[in-house]
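S.K.: Take a look at this one; I'll ask things after.
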Amino acid sequence: MILLCNGDSWTGGCSPAQNYNLDNTKTLDWYDIIPNFGYAHKITNPRSKNNYKYYESCLWPKVLGENLKVETWNAGRSGTGNLSIASRTIASVEYLKKLGKKDITVVVGWSSKYRIHILEYNNNTKKYGPHNIRPQHGGKVYKELLGEINENVFVNDWIENILLLQNYLKLNNINYLFFNAFDYPVITKDNPLGHLVDDKNWVNGTIEEDHFKNFILKEFNSTWESNDEYYELDHPTDISHKAWGKYLTDYMLKNIL
């Protein structure tokens, strides 16, 4: 089996919760990072383009792969939204298939429903470029966007991204497990898309839970406001990643594999 994991910084790592080192290189024959994190475009920022900057940290994909004793690839990328996660996962699967990899199992930790990409004018570069809207950052664009749409638009956008990846994986007979890192969509009865999500391959059999964040709360009685040994700057530390990786191992052996 080949294990492919993807998500945002709760999958790929984030400093200071994880050790940041631009000099890191691949040292394990079973654990690697997907080139360019699965992006179709090239990453040129020197602080971002090094795939291996969090390689030495005990992120949950690394813990999960080591526990299952399988070849493991991590495509997790800090700051990415759900559309990026879905498209990069598909590109990563296709990359592994071109390498001749078979029997691929995908595990994805979804990000926030508010993380959407728009084009915004950059006063420094004098060009239009992608801008990643995040709820904690707010700002003029985010507030103007909220003035035009309601919460259901964010939820529907998230579900559409889930369906994109879900249906691709099913079409290609690829085993998978999904979970939410720290946010979740509340699917109302009048939502036209919610019934299309197959929650059988979701942690705890539900899409409506912030699985990783809720696990840390139950396991360590810690929240991301605590800034303790389990969280640093709103991100789970290696201690939390190790525990979550162990939980996913047991869950997958019982329910997925």
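The values are calculated or read from the model by the stated rules, or taken from the named source; none is laboratory data. Only a predicted model underlies this, so the values are computations on that prediction, with no experimental measurement involved. As a convention, Cβ positions derive from the backbone with ideal geometry for all residues, glycine included, and neighbour counts pool all protein chains shown. Each accessible area value is taken on the protein alone, full model and side chains, heavy atoms only, with ligands, DNA and RNA left out. Shrake-Rupley method; radii C 1.70, N 1.55, O 1.52, S 1.80 Å.
S.K.: Tell me, what is the FRET efficiency for residue 254 and residue 94 to the nearest 0.05, using R0 = 25 angstrom and their Cβ-Cβ distance as r?
M.R.: 0.25
S.K.: A further question follows. Under the classification rounded if a/c is under 1.5, otherwise prolate if a/b is larger than b/c and oblate if not, where does the range 159-237 fall, given a ≥ b ≥ c as square roots of the Cα gyration tensor eigenvalues?
M.R.: prolate
S.K.: Another question about this same structure. How much accessible surface does residue 90 have with a 1.4 Å probe, in Å² rounded to 10?
M.R.: 40 Å²
S.K.: With every protein chain present, what accessible area does residue 87 have (1.4 Å probe, heavy atoms only), rounded to the nearest 10 Å²?
M.R.: Its heavy atoms expose roughly 60 Å² to the probe.
S.K.: Within the set 98/218; 26/97; 189/254, which residue pairs have Cα atoms separated by over 29 Å?
M.R.: Going by Cα-Cα distance, 98/218; 189/254 fall outside the 29 Å limit.
S.K.: For the range 237-251, in order, what is each residue's ³J(HN,Hα) by Karplus, 6.51 cos²θ - 1.76 cosθ + 1.60 with θ = phi - 60°, in whole Hz (x at glycine and Pro)?
M.R.: Each residue's phi maps through the Karplus curve to give 7, 4, 4, 5, 4, 4, 5, 5, x, 5, 4, 4, 4, 4, 5 Hz.
S.K.: Ordered by residue, what ³J(HN,Hα) values in Hz, to whole numbers, does the range 84-89 give under the Karplus form 6.51 cos²θ - 1.76 cosθ + 1.60, where θ = phi - 60° and Gly and Pro are x?
M.R.: Result, rounded to whole Hz: 5, 4, 5, 5, 5, 5.
S.K.: Return the long-range amide H neighbours of residue 31 (sequence gap of 5 or more, or a different chain), with a cut-off of under 5 Å between placed amide H atoms.
M.R.: For residue 31, the qualifying residues are 72.
S.K.: Here's a follow-up. Tally Lys/Arg at +1 and Asp/Glu at -1 over every other residue whose Cβ is under 11 Å from the Cβ of residue 235; what's the total?
M.R.: After counting each charged neighbour, the total is -3.
S.K.: What do you reckon, how do 53, 246 stack up by accessible area (1.4 Å probe), largest on top?
M.R.: Per-residue accessible area, sorted high to low, gives 246, 53.
S.K.: A further question follows. Only Lys, Arg, Asp and Glu count, each charged at its Cβ (+1, +1, -1, -1), so figure out the dipole size of the range 1-113 about its Cα centre, rounded to 20 debye.
M.R.: 340 debye
S.K.: Magnitude of the Cβ-charge dipole of the range 71-112, K/R +1 and D/E -1, about the Cα centre, nearest 20 debye?
M.R.: 120 debye
S.K.: Residue 176's amide H: which non-local residues (gap 5+, or another chain) put their own amide H closer than 5 Å, with H modeled 1.01 Å from N in plane and none for Pro or chain starts?
M.R.: It is 106, by chain and number.
S.K.: Reachable aspartates and glutamates from residue 101, Cα under 20 Å, same-chain residues fewer than 8 places away excluded?
M.R.: Straight-distance partners of residue 101: 29, 32, 66, 71.
S.K.: Test of understanding: what is the full-extension gain from residue 70 to residue 198, defined as 0.36 nm times their sequence separation minus their Cα-Cα distance?
M.R.: Full extension from residue 70 to residue 198 adds 43.5 nm.
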